[in-house]
1. With the crude spin-label approximation of a point 7 Å out along Cα→Cβ, what separation in nm comes out for residue 315 versus residue 281?
2. Please list, ordered by chain and number, the residues whose modelled amide H lies under 5 Å from the amide H of residue 218; skip anything fewer than 5 residues away on the same chain.
3. Gain in length, residue 41 to residue 163, computed as 0.36 nm per residue apart minus the alpha-carbon separation, to one decimal in nm?
4. Among rounded, prolate and oblate, which fits the range 26-246 when a ≥ b ≥ c are the square roots of the eigenvalues of its C-alpha gyration tensor, a/c under 1.5 means rounded, and a/b larger than b/c means prolate?
5. Assuming R0 = 35 Å, what is the FRET efficiency of residue 194 and residue 120, from their Cβ-Cβ distance, to the nearest 0.05?
6. Counting DSSP beta bridges in the chain, what percent are antiparallel, to the nearest 5?
7. Report P(r) for the chain: all Cα-Cα distances, bin width 20 Å, range 0 to the bin holding the largest distance, values in whole percent.
8. Distance check, please: which entries in 54/132; 51/132; 273/313; 100/273; 51/313 exceed 25 angstrom between their Cα atoms?
Amino acid sequence: MPQCPAARIGDKRDDIDTPALVVDLDALEANIAYMAEFAAASGVRLRPHAKTHKCSAIARLQIEAGAVGVCCQKVGEAEAMANGGVSDVLVTNEVVGARKLERLAALSKRITVAVCADNAENVDALDAAAAKYDTVLSVLVEVDVGAGRCGVRPGEEALDLARRINSAPNLRFGGIQAYHGPAQHVRSHEERALTIAKGGDALRHTLELLKADGLECDIVGGAGTGSYAFEAASGLWNELQVGSYVFMDHDYALNLDASGGPVDTFRHSLTIKTTVMSTPSPTLVATDAGLKAYTTDCGLPALVDRPHGSIFKAADEHTMISFSEPEVRPALGEALYLIPGHCDPTVNLHDWIIGVRDDRVECLWPVDARGAVF
Ligand code: PLP
Ligand code: MN
């Protein structure tokens, strides 16, 4: 059962209970608008990834701003997005197992759904599930453009699988999925560009083979917050699947731009509000948010507007912060804000996103795909 939200609409920011996931709505809207305008100016479609926010209210804002739909990673996320009013979802992932395939086929009767595959046996199972539900599923071939995760090899392997999809009676060949995860967090701008360019060469060859075979790609999808500009400029990809840009976590802020400075295109809209619950020494505090309020897979969170404080430990329900002088140490009960290291798994720890503007709670959004891990 979801917990009650830590605030009510109209509350002052100061009155939000903690720990809580707080989104600055001006920053969120600026990020959404920037990416929508960028995609439009680049002549590519935008299909933001809902794995980041798991929140249909945010998906709807992205779509209102011009996105063609959203991406999901799991069938359960896709179902939650459909329940929240999203009508076009690409599952950018392989879906394996009869139960999940049947749910996917059933969902395709309600909304536009596409899914990825990298295996002939899985293609046959997708076809069987679609036949059972008397539907046609759109299937993209996932190609490994260097990420070393899922995907067939570019070239002939991709062509073979595309042909198999194309000849399956209840499937439609939907295009190519080509996402390079590790490239997103390569710090140097030049190296990120080179990594995507290398993947682009393999993709170009694959697209040529498909074309020569008469196989049209509706979607050529990929790109994340670290690399989208390169995919958009390549002339190969036609859909951007950016996710984290909407919140901008601390890890992404460590990427460098072309001039060698930190990337500052997007604002940090997502924070954890936490309260000082103990002052064990004149320069130390313990706050009430810990590993159950944010994840540390990409490092400790960053502390907002407290240049003299340094987070040094995250425990289950505590964050330990040291301050350079007793004079700058916050007092018991004071609020601090943390920027999570990695936004996606952090959001998945919360039932509610509390939207704030001008120091007032403006909206409470359920994280309606929270826990949709299957
Ligand atoms: N597309 C796919 C397939 C992903 O797995 C991800 C994130 O992991 C994204 C897009 C979004 O990337 P980012 O959050 O880096 O913008
Ligand atoms: Mn992520």
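1. For residue 315 paired with residue 281, the spin-label model returns 1.5 nm.
2. Amide H neighbours of residue 218: 175.
3. The span from residue 41 to residue 163 would gain 40.6 nm if fully extended.
4. oblate
5. About 0.60, to the nearest 0.05.
6. If we restrict to bridges inside the chain, about 50 percent are antiparallel.
7. Cα pair-distance distribution for the chain, in percent: 28, 53, 17, 1.
8. Cα-Cα > 25 Å for 54/132; 51/132; 100/273; 51/313; rest within.
The values are calculated or read from the model by the stated rules, or taken from the named source; none is laboratory data. Please read these numbers as outputs of a predicted model, since none were measured by experiment. Don't worry about glycine lacking a Cβ; one is built from the backbone with ideal geometry, like all the others, and counts go over all protein chains shown. Quick note on the areas: whole protein, heavy atoms, side chains included, nothing else; ligands and nucleic acids left out. Shrake-Rupley method; radii C 1.70, N 1.55, O 1.52, S 1.80 Å.
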